[in-house]
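Below is one structure, written out as C-alpha cells; the observations come after it.
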C-alpha cells in the first residue's frame, strides 16, 4: 500500500494523474485534512480500459494518523463496475481523512491506471451557491448523445451532495432541463469542460438555476452542439428528484 499525504485540502482541486495499481501493490491511500466543515469531493476517472478500480473515504476516527481497522468501521464507497468513473461527495466536519483507491481484482488484470482529483468546497447551504458546488466532473451518469427526451430520478443528501450527468448534443439539436419532485432545496448548473480536464474552470459554467425552497429548477434553450455536464446539487437536506432532459430540434435543421 502506497500512502500520499496531501496536507490541507481546499477548494483548488488536487489532481493526481497517471497513477497505477498492480497485483502486488493493489491500493493507494491519499491522506488529507480539512480545517472546518466542508463538502469533500472525490473523482476517480480515466481508469484503464478493461479494468476496474474503486474509491473509499474514511475519517481518522481515533486520530492516530493511520488508516486502521477502527477507521474502516464507517466509510463511504463508490464501486461502479468496469472502468466507469467513481465519485464521492460528502458534507462533513473538520478532521483527517483517507481516500483509498483500490484495484478490483475480478474486474481487472495486471496493472490498472487511473486519475484522481480531490477538493474541499464550502458546505452545502453556503452563499454564493457556487462556493459549495463541486468543481470536479466525473461521468457518474452517462446519457450519451441526446436524440429524445430523457428523465432520470436520483437523491442528493449530506452523504451524496452532487450527482453529475454527462451528455452531448449534435448539430441542430437542443435541450431544456427541468429539475422537480423536490422535498428540500436542490439546484442545477450546466458546464462545458472546454479543456477536457474534468475540472470546473472559470468560464465553463454556462447556465444555472438556483431557486429557493422546493421550487422547480429550469435551464432552457441550450442549442450548441458539444459535450455537457449537468450537476444536481443539494442545498439543504435530503431530497429525491426528477431531472428531465427535454430534447428538441432547432429551427436551423
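The values are calculated or read from the model by the stated rules, or taken from the named source; none is laboratory data. Everything numeric here is computed off the predicted structure, so don't read it as measured data. A quick note on method: Cβ atoms are made from the backbone with ideal geometry, for glycine too, and the neighbour counts reach across all protein chains shown.
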Exactly one of 197, 211 is part of a loop (DSSP other than H, G, I, E, B), within 15 Å of the chain's Cα centre (by Cα) and surrounded by fewer than 17 Cβ atoms within 10 Å (Cβ to Cβ), and that residue is 197
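Every residue, every condition in (1) surrounded by 21 or more Cβ atoms within 10 Å (Cβ to Cβ); (2) not in a loop (DSSP other than H, G, I, E, B), yes or no:
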residue	(1), (2)
40	yes, yes
47	yes, no
55	yes, yes
63	no, no
68	no, no
81	no, no
87	yes, yes
110	no, no
Considering the range 1-25, residues that are modelled with pLDDT of 95 or more and assigned to a loop (DSSP other than H, G, I, E, B), and then whichever is surrounded by the most Cβ atoms within 10 Å (Cβ to Cβ), we arrive at 9
Expected single match for assigned to a strand (DSSP E or B), in contact with a helix residue (DSSP H, G or I) (Cβ under 7 Å, 6 or more places away or on another chain) and either within 30 Å of residue 12 (Cα to Cα) or modelled with pLDDT of 95 or more (or both) among 246, 187 is 187
From the option list 180, 158, single residue qualifying as more than 30 Å from residue 24 (Cβ to Cβ), under 14 Å from the mean Cα position of the chain (by Cα) and modelled with pLDDT of 95 or more is 158
Considering every residue within the range 150-164, establish whether at least one is without any contact (Cβ under 8 Å) to a residue 60 or more places away in the chain, surrounded by 18 or more Cβ atoms within 10 Å (Cβ to Cβ) and part of a strand (DSSP E or B). no
Given (1) surrounded by 16 or more Cβ atoms within 10 Å (Cβ to Cβ); (2) assigned by TED's automatic domain parsing to the domain that holds residue 231; (3) over 22 Å from residue 241 (Cα atoms), residue 114 misses just (2)
Criterion first (closer than 23 Å to residue 193 by Cα and not assigned by TED's automatic domain parsing to the domain that holds residue 216) does residue 72 satisfy it? no
